[in-house]
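Here's the structure we're looking at; comments come further down.
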Amino acid sequence: MSKTTTKPNRTAAPNKKPTKAALVIKLLKRKSGASLEELMKTTSWQPHSVRGFLSGTVKKRMGLNLTSKCGENGQRRYFVTDKPVNIPTCHTASKSTCEPAGKSSPKSAGRPSWISSNEAPVAGGLS
């Protein structure tokens, strides 16, 4: 007597809820685009978070062509097209374009530029 076992069907995709990022991209690809208020309502994000996502993720990481224009009612609408935008990043650009202006020494590494290299950090913050 041999045992027969059945394997679970793993070919069917589970019903997953789309990510907020996918929802935002879908709204931006509409012919009418999306307003900041629509994006905030869809994602439950604050305005600065939506703008940061548009700039950092949509433009820089995804390389999508993000544009905006002011509508007739004075409300800005954002649009994205599938045409990629060539934006150099620190990973693809030469090292000299990624470093801040001026020379950095090991003594001043990690300190803001307004603190001179001979000043010691103050415990507990600025005084």
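Overview of values
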quantity	calculated
Residue pairs meeting the criteria (Cβ under 7 Å; at least 6 apart or on separate chains; first within 17 Å of ARG77 (Cβ to Cβ) and touching a residue at least 40 places away in the same chain (Cβ under 8 Å), in the stretch 34-63; second of a type in the set (D, E, K, R) and exposed (fewer than 14 other Cβ atoms within 10 Å of the Cβ))	SER35/ARG76; LEU36/ARG76
Test: residue in the stretch 74-96 that is part of a helix (DSSP H, G or I) and modelled with pLDDT under 80	yes
Failed condition for PHE53, given (1) at pLDDT 90 or above; (2) over 16 Å from the mean Cα position of the chain (by Cα); (3) of a type in the set (A, V, I, L, M, F, W, C)	(2)
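Results for (1) more than 14 Å from the chain's Cα centre (by Cα); (2) hydrophobic (A, V, I, L, M, F, W, C); (3) assigned to a helix (DSSP H, G or I), shown as yes or no for each residue.
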site	(1), (2), (3)
ALA21	no, yes, yes
LYS26	yes, no, yes
ARG30	yes, no, no
HIS48	no, no, yes
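The values are calculated or read from the model by the stated rules, or taken from the named source; none is laboratory data. Everything numeric in this text was worked out from a predicted model, so none of it was measured. As a convention, Cβ positions derive from the backbone with ideal geometry for all residues, glycine included, and neighbour counts pool all protein chains shown.
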